[in-house]
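Engineer: The structure that follows is given in the form of structure tokens.
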Amino acid sequence: MSLRAKILCGYAAILCLLGVMSVWAVTDLLALGRASAAILSENYRSILAAENMIDHLERQDSASLLALLGQVETGRSQFTQHQGEFQRWLARAEDNVTIDGEAEILQSIVLAYRDYVAAFGDLPVGPTAGDVAAEAYASKMLPPFSRVHDACVELRELNQQTMVGASEQAQATSRRAGVTISAAG
């Protein structure tokens, strides 16, 4: 074999290795992108559900206070409207359980929310309720409200922490891929 043929074979081998390395790098980076996008998307849906549950729970609480202050029909109507929205977001969160501990948090939300709605139904309302209603609100409605609210915040924070962890893991994988590709190059 002539010197020219040997040099061409060497260049061909280098080009083949470069091609393999490029395909490997692109495959790794695409897989990394898909994995991190999926994790972030799933956690974002749970965070959005938790935020909306908190919002509608707080609106229900405002509606219960309206009912206590004598605007019974307006309060009941708003409570019922936001109850439906709360349950819709709760169902979305239950359909998107992706993290250890998330199902338990959702179960605690369901149980505390059931108590909260029952307490609203038992609340003495109207202009004559007065101090009795205020005491009933403080003793019967406020504790389950706090439990639901705290559990929704816990759900949101769990998903936020998971997103941060996924982001850090994606960065570590990216650095590792860069080092591996550089070393192979």
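Engineer: Which condition number does Lys6 fail, the rest of (1) crowded, with 17+ Cβ neighbours inside 10 Å; (2) part of a helix (DSSP H, G or I) being met?
Structural biologist: Every condition holds for Lys6 apart from (1).
Engineer: Can you tell me which residues in the range 34-60 are modelled with pLDDT of 90 or more, more than 9 Å from the chain's Cα centre (by Cα) and open to solvent by 50 Å² or more (accessible area, probe 1.4 Å)?
Structural biologist: Result: Asp55, Glu58, Arg59.
Engineer: For the range 62-79, enumerate the residues that are touching a residue at least 60 places away in the same chain (Cβ under 8 Å) and open to solvent by 20 Å² or more (accessible area, probe 1.4 Å).
Structural biologist: Of all residues in the range 62-79, those touching a residue at least 60 places away in the same chain (Cβ under 8 Å) come to 64-65, 68.
Within the range 62-79, Leu65, Leu68 qualify.
Engineer: Another one. Tell me yes or no: at least one residue of the range 150-169 is of a type in the set (A, V, I, L, M) and touching a Pro at 6+ places or on another chain (Cβ under 6 Å).
Structural biologist: The answer is no; no qualifying residue exists.
Engineer: Name the residue that is most open to solvent (accessible area, probe 1.4 Å), counting only residues in the range 144-172 that are β-branched (Val, Ile, Thr) and under 15 Å from the mean Cα position of the chain (by Cα). Steps first, please.
Structural biologist: Of all residues in the range 144-172, those β-branched (Val, Ile, Thr) come to 148, 153, 162, 164.
Those left that are additionally under 15 Å from the mean Cα position of the chain (by Cα): 153, 162, 164.
Values: Val153: 30, Thr162: 43, Val164: 81 Å².
Filtering first and then ranking leaves Val164.
Engineer: Quick check, is Ala31 without any contact (Cβ under 8 Å) to a residue 60 or more places away in the chain, open to solvent by less than 80 Å² (accessible area, probe 1.4 Å) and hydrophobic (A, V, I, L, M, F, W, C)?
Structural biologist: yes
The values are calculated or read from the model by the stated rules, or taken from the named source; none is laboratory data. The structure displayed is predicted, hence computed values, not measured ones. Positions of Cβ are generated from backbone atoms using ideal geometry, with glycine treated the same way; all protein chains shown enter the neighbour counts. SASA here: full protein model, heavy atoms, side chains in, ligands and nucleic acids out. Shrake-Rupley method; radii C 1.70, N 1.55, O 1.52, S 1.80 Å.
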